[in-house]
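Reading through the structure tokens given below for one structure.
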Amino acid sequence: MSNLLVVLVLLPFVAGLACYLLRASFIRSLVVLGTGGILAVASIALMMSGPFTYSPEPVLGMSWDSLITIADFALLLVILFYGFKHNNLLIKLFSVAQMAGLVILELFWVDHTAHVPTFYADQLSLIMVLIISIIGSLICIYAIPYMKEHEEHLHLETTKQPRFFLFLVLFLGAMNGLVLSNNILWLYFFFEITTFCSFILIGHDGTEIAIKNSVRALWMNSAGGVAFVAGMMFIYASTATLDIQALLTSGNTATVGLLVGLAFVAFAGFTKAAQLPFQSWLLGAMVAPTPVSALLHSSTMVKAGVYVVLRFAPAFAGSFVATGVALCGAFTFLACAALAISQSNGKKILAYSTISNLGLIIACAGINTPAAHTAAILLIIFHAVSKALLFLCVGSIEQRIGSRDIEDMRGLYARMPRTAWITITGILTMILPPFGVLLGKWMAIEAASGQMLTVVMLAMGSALTVVYWARWAGSLLDMPGGEKPAPEEQATLMRLPLMTLCLGSVVLSLASPAIYEYMIRPMFVAAPFTVAGGVLSGPMGAFAIYPLFLLLGLGLLYALRVVKKSRGMTYAAPYASGANVEGSNDGSFVGPMNAPVKIQAGNYYLPAFFGEERLTSLANIAAIALIVLMIGGAL
Amino acid sequence: MTTDIILILIAIIVAPLAGGLISGIDRKLTARFQSRQGPPITQGFFDVAKLFGKEKMAANPWIIFCAWVYLVAAALSVVLFFLQSDLLLIFFVQAIGAVFMVIGAMSVPSPFSQVGAQRELIQILTYEPLLILVFVSIYLVTGSFSIDQIMLVEQPLLFKLPLMFIVLGYALTIKLRKSPFDFSTSHHGHQELVKGVLTEYSGPFLALVEVAHWYETILVLGLCALFWTTSIPAMIALVVLTYLAEILIDNTMARMTWRWMLKYVWSVGLALSFVNLIWLYAKV
Amino acid sequence: MLKSFIKKSRIKSPWIMHFDCGSCNGCDIETLACLTPVYDIERFGIVNVGNPKHADILLVTGTVNHRNKKVLKNLYDQMPEPKAVIAIGACGTSGGVFREAYNVVGGVDKVIPVDVYIPGCPAKPEAIIDGVVLGLQKFAEKAEG
């Protein structure tokens, strides 16, 4: 047990240091590969061993709690230093506020003799560890050839990869520690490490905009940190314990102080998950290299935000804070889905979609029924896989075509067939049944049916998502028929993670009944769903996973067979009112002065309805109102 | 088990035949409204059979693939409906077909196809939230999303959800491609986008899309039928009257723009939904 | 049995595409009049689709000239088999009074094979319907052969 914990939490820190200190790129690649493999195996072993509680023995005569406290203050001082370096008042204020709060909490309030079990893992934590270790490792492996190409592209003289991989790999350990922590101070410490890693990695390229966006990310996440400290203080003042499990299982009715504390902690989760009105740091974070976007800003770090809300959800169940959390989450889901429609920048679409899905997960945490929790966990798993896949695809595409605008990706199938197919598969797993993201969405809507405003927002948001995904998938295939696509060259270490995640997103969806049965259902006293013959049934409705996979799979295979048989046919030119250019298949037509005119198509982005300038300020104001409602509702 | 198999066979075989007949009746009635004779009511079957006999011609292989997936998804959603499963699930399965039709149309570099596909996406954007809200309102009255539970209700749903039925009517009008919402493609001969999203689907593949449309017609009419499950004659009367209303609306209204549709249908649909839902929540 | 049903359906559901080559629009007005309630060719299952990919029968009016002969050929090629062509009016048949003009190629059959010629200037709707029905029979024979 302790060995697995050492591997999962400490090994990444050591490996990160190794990446920083050992300068040979070949050794660095080996370290990353090795760490990735070990982490993946360790996480599976941890999952198989089941839930546990664990506290590490004191080392060198000092308890780990004191070490963490010292490290905490050190980290806050470092952040304060960066606040001075970048001359940002908010960072300075927030880090000082956090230090002050911690001083009060640690030195004056907390009873250090009380024993708090350091680590506790239930199914939720174990699933998060699996996601972090497996998907995170795949992304780190992808980053090896990606960063090499990235630096060649930028014509860098000295490589910055050692620092990059230091923080990328170290981050995995911080995340593992975060989801396994039972002591709230430890959770806070790892939370702050992820903030810091995000700040460093966003600013990695060192350009003016990268630094600006990294500073914005730092102050917004530090605001979350302040809220977290305030939350910890309120919680400790009401319950006199740092033990999260003790807090959750105590069963006593939540007092006002506790609810306010929990609301502040939820607020911290919101900032980490870039919920409205804090979405601008995540959008700005898209300037970072793609592995950063994939790892931190879609599949893991932002999941820490929703994990925090989900973890503490049972404590505020039934109170107005829960309703407030549900409303905030649902509103973010709706507003960001709307904002995504107006975007043509691929990474921004993915960013808005991520924030939107995180809002959905938070809404489920707010709804707080076992069915809603199941939905949240399923969404966490499947969204992490699909979104990481899509980010890695966009990174690959961007390196090849030099643009991340989806209009430039039109007809990508002709240039990069494999990546185009993987991207289309990723997109389809995000919106269609029988895949996992849709299963989670279905579950969320059914679970929300008891709350009118929430369910209305979820329904509308769900419809909006189809638009911006379907048009992206369609435009990738927009090319003249009959052209044989050029065979695609791609670095092996980039191809492997892409294909693994692609296969994973489909296979895991097929395994969702098993995932529910063995990994999620044990969490609940009263199981929200029963699985029989691959059909997930609840009191309100049923989702037939195996039958749908079977029938849709057969239909798909039949359709593919028909296509294969028709390979011999000559493909017709598109209809262009009879003016097609002689002998061409690409729809170009004879225009004025008998000159050929090439077809140019574009998507409808509906800026008048969903334009960023129009909607963002409105959405932010509404979101702030809802957050105030949530915190005030505790009183 | 045997009832299930019979239901599946009815869904797969009888439903599209009924859908074809309904489309033929639609054309006959439309003609009568226009003081002309119109084609026989079996015209739909002649059309589809003729299309199957045409030479296979496509702009690329994706059109063929997407036409087949559209058909499979539409048929599957009707099968699920007849098997009385979860309404939300049926809705999401039918969405597969809609998405694939759009992807097929977007894969062709033709302006008619591309603009038609974008308009189709906006149509989907318009009716999807309203349909989900209809299902949520049905849940609020019956306590379940499963059709077998919904059918057991004692009082017809129409009495508790009259406004939601109107909202369903909007979704029905869009799904059936009736004026004023028929701008991505329509059943009438000409339109400004030639045939819009279906321009590049030809011959057998257009036949597949037409059969899929018959399945969808049966599905949406089935959703209307859910609003009066206590007596069969009343159910049939409701569906017939609704379809007649659709034909009347189609013949009296001009095609509008997608901007108008988005603004108008969303505002009216959401307002009606809110009022009906508040009424239900207040009673519950 | 299915094959014979498909054959029968070809006659029962001929979809037309109407193309005005160089017409004065006289024949076009008469052709479109057939679609109105007075003549109502939809009772034969005829639908005016604007898209050659959906059409079985191409109704051409007007003379062919050097510019629109390419368009005519393109539209004809984009129609999937089996298909038929009906030339309407004197101009479509042979070039009409404009036959000798410098820019006129002649009748439709100079560019694409024609199955039915409907003379007239303009051709009456009854004649057009008669010609279309005749064309359907030829169309059915062609499809079998």
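Filter the stretch A:140-173 for residues that are without any contact (Cβ under 8 Å) to a residue 24 or more places away in the chain and either among the aromatic types (Phe, Trp, Tyr) or assigned to a helix (DSSP H, G or I) (or both) and give the result.
Matches in the stretch A:140-173: A:Glu151, A:Glu152.
Can you name the condition, by its number, that A:Leu560 falls short on among (1) within 12 Å of chain B (Cβ to nearest Cβ); (2) at negative phi; (3) buried (at least 21 other Cβ atoms within 10 Å of the Cβ)?
It is condition (3) that A:Leu560 fails.
Condition (residue is crowded, with 16+ Cβ neighbours inside 10 Å, among the charged types (D, E, K, R) and not in a helix (DSSP H, G or I)) applied to the stretch A:477-487: is it met by at least one residue?
yes
Where in the stretch A:1-97 are there helices (runs of 4 or more DSSP H), lying fully within it, with 2 or more residues that are loosely packed, with under 14 Cβ neighbours inside 10 Å?
Filter on the stretch A:1-97 gives A:2-5, A:25-49, A:64-85.
Look at the stretch C:1-35 and say how many of its residues are in a strand (DSSP E or B), within 11 Å of chain B (Cβ to nearest Cβ) and not aromatic (Phe, Trp, Tyr).
Number satisfying all stated conditions: 3.
Does A:Ala143 satisfy the criteria of being buried (at least 22 other Cβ atoms within 10 Å of the Cβ), assigned by TED's automatic domain parsing to the domain that holds A:Gly34 and among the aliphatic types (A, V, I, L, M)? Before the answer, list the steps.
Details: buried (at least 22 other Cβ atoms within 10 Å of the Cβ): yes; assigned by TED's automatic domain parsing to the domain that holds A:Gly34: yes; among the aliphatic types (A, V, I, L, M): yes.
For A:Ala143, the condition - buried (at least 22 other Cβ atoms within 10 Å of the Cβ), assigned by TED's automatic domain parsing to the domain that holds A:Gly34 and among the aliphatic types (A, V, I, L, M) - is met.
Can you pull out the residues in the stretch C:97-110 that are outside any strand (DSSP E or B) and either in contact (Cβ under 8 Å) with a residue 60 or more places away in the chain or surrounded by fewer than 22 Cβ atoms within 10 Å (Cβ to Cβ) (or both)?
Selection gives C:Val97, C:Phe98, C:Arg99, C:Glu100, C:Ala101, C:Tyr102, C:Asn103, C:Val108, C:Asp109, C:Lys110.
Taking the stretch A:560-583 only, how many residues are touching a Phe, Trp or Tyr at 6+ places or on another chain (Cβ under 7 Å) and either basic (Lys, Arg) or at pLDDT 90 or above (or both)?
Of the residues in that region, 0 qualify.
Count, please, the residues in the stretch A:118-129 that happen to be surrounded by 21 or more Cβ atoms within 10 Å (Cβ to Cβ) and either outside the structural domain of A:Leu170 (by TED's automatic domain parsing) or of a type in the set (A, V, I, L, M, F, W, C) (or both).
6
Tell me, which residue of the stretch A:450-459 that is within 9 Å of chain B (Cβ to nearest Cβ) and crowded, with 23+ Cβ neighbours inside 10 Å is farthest from A:Tyr604 (Cα to Cα)?
Residue satisfying both the conditions and the ranking: A:Val455.
Name the pairs whose Cβ atoms lie under 8 Å apart, with the first residue in the stretch B:103-127 and under 21 Å from A:Val581 (Cα atoms) and more than 7 Å from chain A (Cβ to nearest Cβ), the second surrounded by fewer than 24 Cβ atoms within 10 Å (Cβ to Cβ) and modelled with pLDDT of 95 or more, and 6 or more positions between them or separate chains?
Going by the 8 Å Cβ cut-off, there are no qualifying pairs.
Which pairs have Cβ atoms under 7 Å, sit 6 or more apart or on different chains, and link a residue in the stretch A:578-593 that is more than 11 Å from chain C (Cβ to nearest Cβ) to one that is surrounded by 12 or more Cβ atoms within 10 Å (Cβ to Cβ) and at pLDDT below 80?
What qualifies is A:Asn585/A:Gly481; A:Asn585/A:Gly482.
From the set of residues in the stretch B:131-189 that are under 15 Å from the mean Cα position of the chain (by Cα) and among the polar types (S, T, N, Q), which is modelled with the highest pLDDT?
Of everything passing the filter in the stretch B:131-189, B:Thr173 is modelled with the highest pLDDT.
Look through B:Phe159, B:Phe181 and report the one residue that is more than 10 Å from every other protein chain (Cβ to nearest Cβ), without any contact (Cβ under 8 Å) to a residue 24 or more places away in the chain, at negative phi and among the hydrophobic types (A, V, I, L, M, F, W, C).
Answer to the selection: B:Phe159.
Answer yes if at least one residue in the stretch C:67-78 is touching a residue at least 60 places away in the same chain (Cβ under 8 Å), facing chain B (nearest Cβ under 10 Å) and more than 14 Å from C:Gly107 (Cα to Cα), and no otherwise.
no
Output the helices (runs of 4 or more DSSP H) that fall wholly within the stretch B:1-98 and possess 1 or more residues being more than 14 Å from chain A (Cβ to nearest Cβ), or say none.
The helices (runs of 4 or more DSSP H) meeting that bar are B:2-9, B:15-33, B:43-52.
Could you pull out the residue among C:Val49, C:Val38, C:Val64 that is more than 11 Å from chain B (Cβ to nearest Cβ) and of a type in the set (Val, Ile, Thr)?
C:Val64
Go through the residues of the stretch A:515-529 one by one and say whether even a single one is within 14 Å of another protein chain (Cβ to nearest Cβ) and part of a helix (DSSP H, G or I).
Within the stretch A:515-529, none of the residues are within 14 Å of another protein chain (Cβ to nearest Cβ) and part of a helix (DSSP H, G or I).
The values are calculated or read from the model by the stated rules, or taken from the named source; none is laboratory data. Just so it is clear, the model here is predicted, and its values are computed rather than measured. Methodologically, a virtual Cβ is constructed for each residue, glycine included, from the backbone with ideal geometry; neighbour enumeration extends over all protein chains shown.
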